[in-house]
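Down below is the structure, laid out as structure tokens.
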Amino acid sequence: MTAVICGSLSAGVNLNVDGTLTRSFTLDPGGKTRGEIVVQNAGDEESEVKIFLQDYLHYADGRALFQKTGTVGRSNASWITLTPNQAVIPAKGSLTINFTLSVPSDPKLKGTYWSLLMIEPVPKSLLTPGKQENDVDIQVVTVVRLAVQMITAIGKSGEAKLSFQSRSLTREKNGRFLTLDLENTGERLLAPHVWTELFDKKGQSSGKIDGSSHRIYPGCSARFVLDLSKLAPGGYKAVVVADNGDDNVFGANYVLELK
């Protein structure tokens, strides 16, 4: 008996999606929209692909969970229909994926709902059956899946809330860093840009330190790192701002001792 544990994917396959990997729609309950996603095969070999939806969660500790549709309470996967679900993309050719997004006519819907549209190559097995009983053939498979975020906002509804969950001050070989974990505890997608301004014991500003921006779905979290390496040792008051780029601006105050 031969047990095929892994197959292999040809290096001649090179897939990419035209445009952005995020599709965002603002609709009211009962609303409907259609669209298409074009996948290009820049490789020298044809590629068979599967097209399907998954639920998705992400956390500040680096976890990214790709789950069965309907697992996440704010999944919009059941609102989306796809055509085709499987197809062959010729070498140097393209595939058009058509989708329809239909929001249920439920007045209780509010905030942001999302899922991932996955485009996964089907590996071509290079294995041959083993001739000996209980023979096991093993090869490593490399499958690079493409994920398009499908986001639905129900009008302007839903509460925007951001919680500063934890902070840590670390010193490493390449500098000193303030690490902040922020959680979206509201109902709307947030994409805050985080920065801080530090004040010494005399109340004098040491300047603004710019951070990064991350998309945070409701119930998810993200980690932001601020580089404090240029500051002199001492005590500081840090004013941290998470600006969502709209009317939603969140903040926190910390007392830091830099050594």
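The values are calculated or read from the model by the stated rules, or taken from the named source; none is laboratory data. Small disclaimer: the values here were computed from a predicted structure and weren't measured. Positions of Cβ are backbone-derived with ideal geometry, glycine not excepted, and every protein chain shown enters the neighbour counts. With ligands, DNA and RNA removed, areas are computed over all heavy atoms of the protein, side chains included. Shrake-Rupley method; radii C 1.70, N 1.55, O 1.52, S 1.80 Å.
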| Could you give me the ³J(HN,Hα) list for region 200-212, computed from phi with Karplus coefficients 6.51, -1.76, 1.60 and θ = phi - 60°, whole Hz, x at Gly and Pro? | 7, 5, 8, x, 8, 6, 9, x, 8, 10, 7, x, 10
| Average accessible surface area per residue within region 147-240, 1.4 Å rolling probe, Å² | 49 Å²
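Just the accessible area per residue of region 21-82, please: how many Å² with a 1.4 Å probe?
52 Å²
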| query | For LEU231 and ALA191, what does the FRET efficiency come to when R0 = 25 Å and r is the distance between their Cβ atoms, rounded to the nearest 0.05? | reply | 0.35
| task | Using a 1.4 Å probe and counting only protein heavy atoms, arrange ASP44, ASP55 so the residue with the most accessible area comes first. | result | ASP44, ASP55
| query | What net charge is computed for the residues neighbouring PRO104, neighbours being all others with C-beta under 12 Å from the C-beta of PRO104, Lys and Arg scored +1, Asp and Glu -1? | reply | 0
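Starting from 0.36 nm per residue, how many nanometres of slack lie between LYS201 and LEU258 once their C-alpha separation is accounted for? All intermediate terms of the calculation are to be shown ahead of the outcome.
Working: separation 57, 0.36 × 57 = 20.52 nm, distance 1.23 nm.
19.3 nm is the gain from fully extending LYS201 to LEU258.
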| note | Taking the dipole of the chain about the Cα centre (Lys, Arg +1; Asp, Glu -1; charges at Cβ), the one of PRO107, VAL17, ASN253 that reaches farthest to the positive side is ASN253
| field | Simple spin-label estimate for LYS108 and PHE52 in nanometres, 7 Å along Cα-Cβ | value | 2.9 nm
| query | Tell me, what HN-Hα J-couplings in whole Hz come from the Karplus equation 6.51 cos²θ - 1.76 cosθ + 1.60 at θ = phi - 60° for each residue of region 181-190, using x for Gly and Pro? | reply | 9, 10, 10, 7, 9, x, 10, 10, 4, 10
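Quantify, in whole percent, the carbon and sulfur part of the accessible surface of the chain (1.4 Å probe; protein heavy atoms only).
Roughly 49 percent of what the probe reaches on the chain is carbon or sulfur.
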| remark: Checked against the positive end of the charge dipole of region 23-111 (+1 on Cβ of Lys and Arg, -1 on Cβ of Asp and Glu, about the Cα centre), the farthest of VAL72, ALA87, PRO29 is PRO29
| task | Calculate, in nm to one decimal, what ASN174 and LYS161 gain on full extension: separation in residues at 0.36 nm each, minus their alpha carbon distance. | result | 1.3 nm
| Given a Förster radius of 22 Å and the C-beta distance between GLU45 and THR22 as r, what FRET efficiency does 1/(1 + (r/R0)^6) yield to the nearest 0.05? | 0.15
| query | Nearest 20 debye, what's the magnitude of the dipole of the chain about its Cα centre given +1 on Lys and Arg Cβ and -1 on Asp and Glu Cβ? | reply | 800 debye
| Area accessible to solvent at SER105, 1.4 Å probe radius, in Å² | 100 Å²
